[in-house]
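Let me begin by presenting the structure, written as structure tokens, before commenting on it.
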Amino acid sequence: MWKADDLLSRLYEEALQGHRAAGRSQSRESRKSDLTHALKAAIGHFEPNQHHVPIRLERVECDGYIRERVELSATPGLSFAAYVLIPAGGSSGLPGVLALHGHGYGSREIVGLLPDGSPDHGKPGIHQHFAVQLVKRGMVVIAPDVVGFGERRLDADLLKNPDTPSSCFRLSTQLMMLGKTLTGLRVAEAVRALEYLVSRPEVDAGRIGTMGFSGGGLISYAAAALDEQIKAVVLTGFTNTFKDSIFAVNHCIDNYTPGLLTHAELPELIGLIAPRPLFLESGKNDRIFPEEGFKQAAAKIQAIYELEGVPEKLQTDLFPGKHEISGRIAYDWLMRTLG
Ligand SMILES: [Zn+2]
């Protein structure tokens with residue numbers, strides 16, 4: 001009797017063989033161009049909103065920085081809020097960072113606020129209030145509310161359960177049936193947030209980076225692969241192989257993109273960021289993006305950076321910790337790299 005385990009292994013190996021053959025038969029530039037188009041097509045297209053004018057919702061003076069909240073829209077009929085953190089006294093020429101949270105209660109979780117918007121004076125959770133860490137180092141930070149979390153959960157889910165952690169399932173499944181993906185929507189909104197960041201008078205458009213944690217890492221790498229305005233990238237709690245992470249562990253459905261593995265494994269897709277500076281951070285005890293997969297992915301990405309002649313532009317930090325942000329090297333690296 002033949003088992004389906006064998007079928008899955010064989011299909012996976014055949015996909016890898018296909019990637020290697022494509023890599024051998026093409027120039028690096030042509031392979032990158034093909035993969036970029038494949039990624040863009042796989043995550044799906046959302047009609048851009050050309051007419052929405054950003055609305056400032058609040059402006060609060062905090063310890064060492066200003067926190068604004070703005071309303072933006074990336075696609076007609078849907079808007080979202082984002083926090084913008086500006087270093088105190090910063091008027092122009094500053095680096096800007098797109099900060100993307102993972103599963104949790106939304107952008108408030110990374111700007112030092114509780115779900116109700118009041119200040120969080122307790123010990124930070126796995127997101128470590130990382131947007132605050134970045135603004136305190138001198139970067140202007142935009143932290144959009146990723147669709148599906150916090151106040152961006154669907155009414156359809158909240159009516160059934162007011163404590164539902166996310167709307168990832170309903171959003172992902174319905175969008176997939178329409179030939180789109182939740183990743184595609186999240187990336188479109190991230191890119192809109194980035195455009196707004198670049199338009200701010202405090203920001204130098206030539207010094208733009210992104211930092212994403214976990215599901216936010218997925219959005220960060222895809223946004224950077226598709227948008228050359230992003231000059232430096234920090235991925236934390238995300239880098240791995242598909243095989244060792246989303247195939248080995250039950251992950252949220254928003255991690256799965258139909259057809260993407262026929263084009264490349266995750267390390268090669270992350271390698272689309274090369275030759276731009278890239279920092280990969282992961283906890284040794286991260287059980288959903290395991291250490292072994294991180295090491296394999298990092299080695300493959302390192303090979304890509306060597307191929308492009310810029311091995312020094314890739315940095316990694318495997319820190320003692322779980323599925324969480326460390327930032328012990330990454331925060332300063334990002335400021336230095338964009339500086
Ligand atoms: Zn999810």
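So how far apart, in nm, are the two label points at Glu291 and Leu11 if each is 7 Å from Cα heading toward Cβ?
Between Glu291 and Leu11, the label points sit 3.2 nm apart.
Sorted by accessible area with a 1.4 angstrom probe, largest first, how do His127, His103, His121, His52 fall?
These residues rank, largest area first, as His121, His103, His52, His127.
Pull up all non-local amide H partners of Tyr65: gap of 5 or more, or a different chain, and H-to-H distance under 5 Å with H placed in the peptide plane.
Ala88
Could you point to the residue in Leu307, His101, Gly184 farthest towards the positive end of the chain's charge dipole, with +1 and -1 charges on the Cβ of Lys/Arg and Asp/Glu respectively?
Leu307
At 15 Å minimum axial length over the Cα atoms and a Kyte-Doolittle cut of -0.5, report the qualifying DSSP H helices in the chain, or say none.
The qualifying helices are 182-199, 215-226, 291-307.
Please work out how much length the chain gains when fully extended from Asp155 to Ala299, using 0.36 nm per residue of separation minus the C-alpha to C-alpha distance, in nm with one decimal.
The Asp155-Ala299 span can extend by a further 47.5 nm.
Assuming a ≥ b ≥ c are the square roots of the Cα gyration tensor eigenvalues, decide whether region 121-191 counts as rounded (a/c under 1.5), prolate (otherwise, with a/b larger than b/c) or oblate.
oblate
Please report, in debye to the nearest 20, how large the charge dipole of region 174-300 is about its Cα centre when each Lys and Arg carries +1 at its beta carbon and each Asp and Glu carries -1 there.
In total the dipole reaches around 20 debye.
If the only charges are +1 at each Lys and Arg Cβ and -1 at each Asp and Glu Cβ, what is the size of the charge dipole of region 29-338 around the Cα centre, to the nearest 20 debye?
With Lys and Arg at +1 and Asp and Glu at -1, about 60 debye.
Between Val53, His129, Pro290, whose Cα lies farthest towards the positive end of the dipole of the chain when Lys and Arg beta carbons carry +1 and Asp and Glu beta carbons carry -1, centred on the Cα centre?
Sorting the options by dipole projection puts first Pro290.
What does the accessible area per residue of the chain come to in Å², with a 1.4 Å probe and no ligands, DNA or RNA counted?
Dividing the accessible area of the chain by its residue count gives 45 Å².
Please compute P(r) over all alpha-carbon pairs of the chain, binned at 10 Å starting from zero, and give each bin as a whole-number percent.
Using 10 Å bins, I get a P(r) of 6, 26, 36, 24, 7, 1, 0, 0 for the chain.
I need to check one value: relative contact order of region 175-297, counting alpha carbon pairs closer than 8 Å and at least 6 residues apart, in percent.
With pairs under 8 Å counted, the relative contact order is 27 percent.
With Cβ to Cβ distances under 14 Å as the rule, what net charge do the other residues near Gly122 carry (K, R +1; D, E -1)?
-1
Just the accessible area for Glu306, please: 1.4 Å probe, Å², rounded to the nearest 10?
Around 110 Å² of this residue is reachable by solvent.
With a sphere of radius 13 Å drawn around the Cβ of Val132, what net charge do the other residues whose Cβ falls strictly inside it have (Lys, Arg +1; Asp, Glu -1)?
Summing Lys and Arg as +1 and Asp and Glu as -1 gives +1.
State to the nearest 20 debye the size of the charge dipole of region 12-61 about its Cα centre, where the only charges are +1 on K and R beta carbons and -1 on D and E beta carbons.
240
Count neighbours as other Cβ atoms within 10 Å of each site's Cβ, and list the chymotrypsin sites (Phe, Trp or Tyr not before Pro) in region 1-64 that are DSSP loop with at most 14 such neighbours.
Listed in order of number, the matching sites are Trp2.
Using only helices, what value at 222 nm comes out for the chain when you add -39,500 (n - 2.57) per DSSP H run of length 4 or more and divide by the total residues, to the nearest 500 deg cm²/dmol?
Dividing the helical sum by the residues of the chain leaves -11000 deg cm²/dmol.
Over the chain, what is the relative contact order in percent, taking alpha-carbon pairs closer than 8 angstrom and at least six residues apart?
After rounding, I find 18 percent.
Suppose we keep just the DSSP beta bridges with both residues in the chain; what percent of those would be antiparallel, to 5?
50
Students sometimes get this wrong: rank Leu261, Leu7, Leu39, Leu159 by accessible area, probe 1.4 Å, all chains present, largest first.
Leu159, Leu7, Leu261, Leu39
The values are calculated or read from the model by the stated rules, or taken from the named source; none is laboratory data. Worth saying up front: this structure is predicted, and the values here are computed from it rather than measured. Here Cβ is always computed from backbone atoms with ideal geometry, including for glycine, and neighbour counts include all displayed protein chains. Surface areas here come from the heavy atoms of the whole protein model, side chains and all, with no ligands, DNA or RNA. Shrake-Rupley method; radii C 1.70, N 1.55, O 1.52, S 1.80 Å.
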